[in-house]
Structure formats: structure tokens, C-alpha cells
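Novice: Structure in C-alpha cells, see below.
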Amino acid sequence: MNDVPPLVFGSPDNAFDKVQEALQNIEKVKGIIFDMRSPVNSTYNSEVHPGQLLDWNTAYFKGDFLMPTFRSKGYVGLNWESYFKISTLNSAQGNANKEIPLVFIVSNEGQIPIVAAVLQQKGKAAIIQPEGKQLCPGNSVNFYIQDSLLIKVRSDETLNPDGSLLIIQPNDTWSSAEPYTTAITKAEKLISNGFQKEIKFTQYAPMPITRIDDYTNQKNYPSIGYRMLAAAKIFSTIDYFYANKHLMDKNWESSYKEMIPKFIEAKDSLDYMRAVAELYANIDDSHGFIARPADGFSLRLNPIIQGRGNFVPPVITRVIESKVVVIGIYDDSVCRSIGIKKGDVILSINGKDAMQLVEDARKYQPASTKASQTFYVSSFILFGKEGQIQKLKVLNENGEIKDVSMPTLREFKGDFGPPDDYVYRLFSYNEHTTIKMLTKDIGYADLSGRLTDSDNDSIVRMLKHTKAVIFDMRGYPHGNGMNSFAGILWKSKTKGGRKYVVLAPSSTNFQNNPQVDIEDTRTMTFHGSSNIYAGWIYRGKTVVLTNECAQSFAENVVGGLKTMSDATIIGSPTAGAETGTDNFNIPGNITLWLSGGNLMLPNGKSFMRFGYQPDINVRPTIKGIQAGKDEVLERAIKYLQTGK
């Protein structure tokens, strides 16, 4: 059967027709031997394996049988969940006029017709296979790579109709050490003497198992072989599975080839992490965190990779007007003692230009936009080692340049949830939860604070009678209250061509208070749980403040506000990474994170690497920070008061 012509329908030498022609004499014989083995000097090379030629043919057996099905494995995400896809059960109805013994001689799984396994189980056929082998029929795919090397990959396995795994139990075996004709002689004896009927063997098909690569046997500085495995795994994962590969600035294969020498030459764990970070930065994704597996979603390694050390400074820094500026005080007493204030410009750090240090560190930081990358890099610019004193040149608000000796404080944990306190300060505009009235008509709520359910209720109470509300999303949501934020803006209503939102408290006792004047109620079902939300239709204007610190769920909040209430966005663009995340492990005890998908904006543009663009673009200035002003908030108030 392996020496048949190619399967080309319409050809005078079509393989299927040749098989049909041979089977026309079935009534004149006492048995048939199908030799499926590859002959020594075959002149044919068909894309169809010989077993399929017989699976498509019903002229050599009688009866109606359920055929086995094929099961393949699929994945949700890179690590989290695997599942099986099972093809539909089909029946095969033989139309032979005479039922005769059949013997199939095979050398591998690909040569076994599936119908042969069924006929063997029914006692109507026998199978002879190589000794010492266990054959599990299934499909496979193959392809050639460089130097004519053929790669063959198993794509599925075969299940019996009862769900058990199909494993061939041969009637006899042949040895490669024996003459080629020995198997044929054994087949002739089986036909003459008869063979075992109703062969039954059950092995339950295994359930899907998710295998998360574990490299715990490799230390933080893996051997050269494992370093190259890490580089290859990063390349292949991004090349085949990253949803936003087409949005990357640089050709991914070129990036990989350029970085191979750095993986090879890395002399210690820091060099290795830097090689990983420099390659991974090319994915242009603000979700591209590099962490230890035990840390989860963490920024702990960011300052280490930059070469800064892992101890926090007493200040918060950002780049404002192309200068490194102190935009927040983390430890007030230390800052007073060393003479540094909010609004001071950092000119140099240990004799090196501060902005040049920012530029030098960019190559290690994955980010969707340059502004998001600048935020991450500048946030760690003053980190140091334990007990280290940073020597700074600082320009103050009076135009004076002075020397400042800045100590490091505690070790940086880098956690997102619950957040390390320094991470919280990086991603929160106000140090404490802030909900207040700015004027008698304008309310303000900082959604990047540590909100609780009661804070949500306070927002509802405060805003019920306002004419406008400003939601501040210049950071990332913290606290369990963000889980119930949908309870505040859970439903939009359109009236007169304009959208309104329903303000709904989170507390059950507040919702069920009969003294509350409820305007609208609605039952919502989420993840199988139904909740009744009751509240007031908010007819005031809504504004949301944004900047590059807002990413992921923060952008989801911004988008929700924009969609639900036609909120006006004021500030600067968000980071452009509003999807779920995925991750994978590489040698060296490292986990790499990435965005698991992409969103499309209503204008047809990709959200990734674009983000939400403000309706009114305004950024803080150094003078404004030195004067204690919040220029973005001031612009929002002006818009609400003037409409411009």
C-alpha cells in the first residue's frame, strides 16, 4: 500500500481508483493482506498516508461500525488552562458482498487505517506490528527546516467511541532483524489458522494537564545552554502567540538575532536579566513586566535591572518638561533634613546627567508608549543600594543649584496587590483617599486612592445634587472598593440624545433604605450572581483626568466613564495597554508578563500603543508644581465652569 500512485483525482493512476480496482476481486479470495510498510525502493511520494486510502474505502468489509474520534489539545492563555477538542463520532458502513479475514502489516501509527483498529476489535481483522513498540494511532503534521531536516509533530490522538484511548494490541509482531517477507508469512498463517476474536483492551484517556515550565533547578544565573533556551523561548512565544506583534516598532526576528551574543556573554545574573529585559523591551507593551515567579505581578526587578539597587528614595520623581523633577514627597522628615522639596529639578546623580540616565535605561523597559516608558524609568532613577547616599545636583524654585546628599530608605517590594506602599504612591495622585467638593456645584473623587465600598457610597451621597463631577484616574485603582465601582456607574440612560449615568450605592443597607428617594432600579447578573442596584439618574456633567500612569484596569475605568456618561477626558494620553495579561516562565527564575490581547477603538484604530486620547490636552509644568498647583485639575474646573 505504500507503493501506490499519488492521490490525484482524475489521474489515470489515481491511488484511490487503484485500490478500488484491486478490491474488485474480493469475492474470489480467502483473505487479504494489506502491507502498509514503506518499501525499499518506492517511486512514489504521496501527501496522503496509506492508512487514509483505506479509511475512505468501504469495499473490503461488512457491517456498520462507530468509528473512533480524534482528540487534540488546545490552550487558553500561555500557562493557565488547557482543554481537549474532540471531533464528531462518525459511522462506517462496509458494503463488501463477502466477509473475509483481513490482516494489516504496519511499522508505525501513521500506517494504521483507523477502520483496521475497529475491525480488529470486532474480531474481523488482525494487525501485525514491530515488536517492542506501542502504537497509538493519531494524526501528525510535518514540515522541513534548514538542511532538509524533517520535523514531525503529533497533532492529536485517537479515542474509541467509549472515550478510552485507542492503543493497538497486535495479533503478532515482526522484527526488523528478520527478512522483510517474514511478516507476510505470519499474516498468511493468521488467515489460514484464524486469529483471536473480540480483542478488548481499555485504557482511559488521560485528562488535560496544564504544564507550567518549572526551572527551579536553575539558579538566577543559568548555564549558557539554558540562557539560549530562554532567548529562544522568548522569541518563539512572542513570534507565535503575542497578539500585538504587528504593532511592534522593530522587526522581532532582527531583535532576537541582535541579542543572542548578549545572552551568551552575560557574565552574571544581572547581565543575564539585562539581556532578557533588553530583548523583551522590543515587544512595546506596558504590561511587559519582568518578575520572579513568587512575586507575581511586581516591579521589584525594575530598579535592579536599571542598575539602581532595590532601596527606595524619600521622594517620587517623574520627567516634566524634559527634566527629572520631584513631584511628590515620600518621607517628609528626611526631605526636610536634606533640603529637597517638591518641584526641585534633579540635574545630576552621582556626577551623571539625570536625563541621560533616563535615556540610557529606556532599552530595558517594555512600554506601549514613550510616555509610559518614561514614567517607569524616571520612577526608579533615584533608587539605590542599602545604606547608599546619592550625591545630587538640584535646581530649586529660586534658580539656585545646590548639592544634596540623599539616603535610601527601606527595601522595595514592588507588589501591586496589595500594593507596596511606594508602588501605591507611584500610581496614586493623592497620598490618601480623596473625595471632596471643589465648589458648591463640582465634586471630586480620586479613583486611584484606596477606595472601599463605603467610599463609593460617600461618592454617591456627595454627588447626588452636584452639577458636575471630576473623576481622577491619573494612576491605578487600589482597594477592594474598585470591585464595586460598577455599582456607581452601572447603567447609562439616553435622553434627548445625551447619555446619563445611574449613581448606585454599594452598601446593601443603603440600597434597601425606604427613606431614600430611588429613581431607577435594575437587576444585574454577573458571574452567575444577581444583584439589585438602585440609585439616582445623574444629570450632571462628568470629567475624567488621565495621564500615562493610567493603564490596564485604570484605562477600563476611563473607557467606562467615557462610554457610560460621555465624560470629557482631560489631561494626557493613557498608557495604551487595556487588556488582560498572560505570562510565561524562562530559565533563571524569571516570569515574563504581556498583554493577552488588543482592543479596537470606535474609530477603527488599535487601542494598544495608542490609549485614550484626551479631549483637552494639558500637562503639568515645573512652575506649576513648584507653586503647588494642579494644572490639570484647574483646567477641568475651568471647562466645567465655562464650557471651554
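Novice: Would you be so kind as to identify which of LEU347, SER379, ALA361 lies farthest towards the positive end of the dipole of region 305-412, taking Lys and Arg as +1 and Asp and Glu as -1 on Cβ and the Cα centre as origin?
Specialist: Among LEU347, SER379, ALA361, the one farthest towards the positive end of the dipole of region 305-412 is ALA361.
Novice: Residues with beta-carbon under 15 Å from that of SER595, excluding SER595: net charge, scoring Lys, Arg +1 and Asp, Glu -1?
Specialist: Combined, the nearby Lys, Arg, Asp and Glu give -3.
Novice: Tell me the net charge near THR579. Cut-off is 13 Å between Cβ atoms, THR579 excluded, with +1 for each Lys or Arg and -1 for each Asp or Glu.
Specialist: Charge balance near THR579 sits at -3.
Novice: I'd like the Kirkwood hydrodynamic radius of region 15-193, using the inverse of the mean 1/r over distinct C-alpha pairs, in Å.
Specialist: The answer is 17.8 Å.
Novice: Calculate one ³J(HN,Hα) per residue across region 60-65 by plugging θ = phi - 60° into the Karplus curve 6.51 cos²θ - 1.76 cosθ + 1.60, and present them in order as whole Hz with x for glycine and proline.
Specialist: 10, 8, 10, x, 10, 10
Novice: Now a separate question. Taking amide H positions as placed in the peptide plane 1.01 Å from N, state which residues far from ASP285 in sequence (5 or more) or on other chains have amide H under 5 Å from it.
Specialist: ALA367, SER368
Novice: Given +1 on the Cβ of Lys and Arg, -1 on the Cβ of Asp and Glu, and no further charges, what dipole in debye does region 267-392 carry about its Cα centre, rounded to the nearest 20?
Specialist: Once rounded to the nearest 20, the dipole reads 220 debye.
Novice: Could you tell me the distance between the Cα centroids of region 248-306 and region 148-184, to the nearest Å?
Specialist: 44 Å
Novice: For a quick check: with amide H placed at 1.01 Å from N, whose amide H comes under 5 Å from LYS541's, ignoring anything fewer than 5 positions away on the same chain?
Specialist: ALA468, VAL469
Novice: Rank the residues SER448, SER458, SER552 as a footprinting-exposure proxy: fewest other Cβ atoms within 10 Å of their Cβ go first.
Specialist: Least crowded to most crowded, the residues run SER458, SER552, SER448.
Novice: Now for a different question. Set Lys and Arg Cβ to +1 and Asp and Glu Cβ to -1, take the dipole of region 305-412 about its Cα centre, and tell me which of SER333, ASN310, ILE389 lies farthest positive.
Specialist: About the Cα centre, the residue reaching furthest to the positive side is ASN310.
Novice: Let me ask something additional. At a 10 Å Cβ-Cβ cut-off, how would you order HIS465, HIS432, HIS287, fewest neighbours first?
Specialist: Ascending Cβ contact count within 10 Å gives the list HIS432, HIS465, HIS287.
Novice: Just to confirm the filter: which trypsin sites (Lys or Arg not before Pro) across region 236-303 are DSSP coil and have at most 16 other Cβ within 10 angstrom of their Cβ?
Specialist: The qualifying sites are LYS250, LYS267.
Novice: Neighbour counts of other C-beta atoms within 10 Å: give me ASP55, ASP457 arranged from fewest to most.
Specialist: ASP55, ASP457
Computed from the coordinates by the stated procedures, all read-outs in this text should not be read as laboratory data. The structure displayed is predicted, hence computed values, not measured ones. For neighbour counting, all protein chains shown are included, and Cβ atoms are generated from backbone atoms with ideal geometry for every residue, glycine included.
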